[in-house]
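This report refers to the structure that appears directly beneath it.
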Amino acid sequence: MSVLNILLDGLGQLGAGIGAGIAAVGAGIGIGNIGKAALESLARQPEVGGDIRTNMIIAAALIEGVALFAVVVCMLGLFR
């Protein structure tokens, strides 16, 4: 292997690691914003707590699924 191939492999691994980290941080921020908005709306209208909680859990699960997919794609690029 030439030096260029080794360098490009290292950069690919670095990019996959950074991508996985960004996906995890982005999911954490998104789920935090969902929780914040749900608590604010529960404080304003406590009588619709069940609906708000259900919608919050569904949205958090969708964000978590997308983040997991992004991390898996990054790991596939890392271990090719």
Taking the solvent-accessible surface of protein heavy atoms with a 1.4 Å probe, what is the per residue accessible area of the chain in Å²? 73 Å²
R0 of 22 Å, Cβ-Cβ distance D51-I29: FRET efficiency to nearest 0.05: 0.35
For the stretch 34-45, Karplus couplings with θ = phi - 60° (6.51, -1.76, 1.60), whole Hz, Gly/Pro x: 5, x, 4, 5, 5, 5, 5, 6, 5, 5, 7, 9
Distance between modelled label sites at A61 and L7, nm, 7 Å Cα→Cβ extension: 4.8 nm
Compute the convex hull volume of the Cα atoms of the chain, divide it by the residue count, and report the result per residue in Å³ as a whole number. 50 Å³
Determine the share of the stretch 1-75's accessible area contributed by carbon and sulfur atoms, expressed in whole percent, with a 1.4 angstrom probe. 72 percent
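The values are calculated or read from the model by the stated rules, or taken from the named source; none is laboratory data. No experiment lies behind these values; they were computed from the predicted model shown. Heads up, the Cβs are rebuilt from the backbone with ideal geometry, glycines too, and the neighbour counts pull from every protein chain shown. For the accessible areas, the whole protein counts, side chains as well, though only heavy atoms, and no ligand, DNA or RNA atoms are used. Shrake-Rupley method; radii C 1.70, N 1.55, O 1.52, S 1.80 Å.
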